[in-house]
1. Work out how much length residue 28 to residue 69 would gain on full extension: take 0.36 nm times their residue separation and subtract the Cα-Cα distance, in nm to one decimal.
2. Going by the alpha-carbon gyration tensor, a ≥ b ≥ c the square roots of its eigenvalues, is the range 90-189 rounded (a/c under 1.5) or, if a/c is not under 1.5, prolate (a/b greater than b/c) versus oblate?
3. Within the set of other residues whose C-beta is less than 12 Å from the C-beta of residue 34, count the net charge using Lys and Arg as +1 and Asp and Glu as -1.
4. Is the range 205-263 best put as rounded, prolate or oblate by its Cα gyration tensor, with a ≥ b ≥ c the root eigenvalues, rounded for a/c under 1.5, and otherwise prolate when a/b is larger than b/c, oblate when not?
5. Show me the GluC sites (Glu not before Pro) within the range 5-78 that DSSP assigns to loop and that have at most 13 other Cβ atoms within 10 Å of their Cβ.
6. Once you keep just the Cα pairs under 8 angstrom separated by 6 or more residues, what percentage relative contact order results for the range 164-240?
7. With a ≥ b ≥ c taken as the square roots of the eigenvalues of the C-alpha gyration tensor of the range 31-134, please select rounded if a/c is under 1.5 and otherwise prolate if a/b is larger than b/c or oblate if it is not?
8. Could you go through the range 198-205 in sequence order and give the Karplus-derived ³J(HN,Hα) for each residue, using 6.51 cos²θ - 1.76 cosθ + 1.60 with θ = phi - 60°, rounded to whole Hz, and x for Gly and Pro?
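Any read-out appearing in this document is the output of simple, stated calculations on the displayed coordinates, not a laboratory observation. Here the structure is a predicted model, which means the values were calculated and not measured. Don't worry about glycine lacking a Cβ; one is built from the backbone with ideal geometry, like all the others, and counts go over all protein chains shown.
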Amino acid sequence: MKLLLIDGPNLVRRIYAALPEAEKARTDNANVSGIAVSCRRSIQRAVNLHQPTHCAAVFDHHGKTWRHEIFPDYKKNRPAVPPLLHQSMSSIVEVFQHLDIRCLFIHEYEADDVIATIATHLSARRGQAVILTTDRIQCQLLRNNIRIYDHFSKRFIDEQDVRKRFGVAPQRIPDVMALCGDTGISVPGVHSIGIKTASRLVQEYGDLDTILGNPDRIAGALGRKLKQDRDSAEIAFRLFSLKTDVHLGINLKELRMNRKGFPRC
């Protein structure tokens, strides 16, 4: 079994970002249709390239998620969905459905968690999963039979890429991000710690628990910051760790593709 998991929000936002600025302000039928057509072409290219036996497009469910329950300010300052994207969503979903690709929206969970659950479940059954995304947080899922494909740069992301960006192995991404945080989604981490310092600490001590459990071994202001912001880092770790136990209410058999007549592009 080879499963292609499409990060729907990531794909749609990347297509939107590539539009000329003048077009982003318009929500007429031509622009809405244009985004849907671009999505269709991207999906066709991905399916023809990866030749999956199964496929799903995963989207965020509207409203608050479990992350908001433990951290109410999660994504507090993230801009609202642009009007053109909002107008285009029903057409985009229709495109996936027309191509016989199941669209998943799971209440209280983000697309990342649903993707992580399906991919790890399949991995345990020795199947192969290819995740179509440019979101590097999902790289924590990387292993022999879970691969990340950057559809826009047309390449697989591997452990070397992760180490270049985060300075650690894929499974330690949440440890690094818990320390440095991410202002884009309003998660603070530890005050004044950037990704280089966070990477160095994880490289030296192994994981977040060891770092936070031994702040007295870390000299000066850095050790004091770790003591002061311990709770913040622990919450951030939970926010950056992807769920792998989401109840989906589906069977993998339901994601099987019928590629008969699937057009090449």
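1. Numbers: separation 41, 0.36 × 41 = 14.76 nm, distance 3.70 nm.
Extra length from residue 28 to residue 69 when fully extended: 11.1 nm.
2. On the way: a/c = 1.76, a/b = 1.38, b/c = 1.27.
Prolate, because a/c is 1.5 or more and a/b exceeds b/c.
3. On the way: positive: 24, 26, 40, 41; negative: 23, 28.
Counting the neighbours of residue 34, the net charge comes to +2.
4. Numbers: a/c = 4.82, a/b = 3.60, b/c = 1.34.
Prolate, since a/c reaches 1.5 and a/b exceeds b/c.
5. Details: sites: 21, 23, 69; in loops: none.
Loop-located and lightly packed - none at all.
6. Working: 94 pairs, mean separation 28.6, N = 77.
Worked out over the range 164-240, it gives 37 percent.
7. Numbers: a/c = 2.35, a/b = 1.11, b/c = 2.12.
Taking the square roots of the gyration eigenvalues as a ≥ b ≥ c, the range 31-134 is oblate.
8. 4, 4, 4, 5, 5, 4, 7, 10
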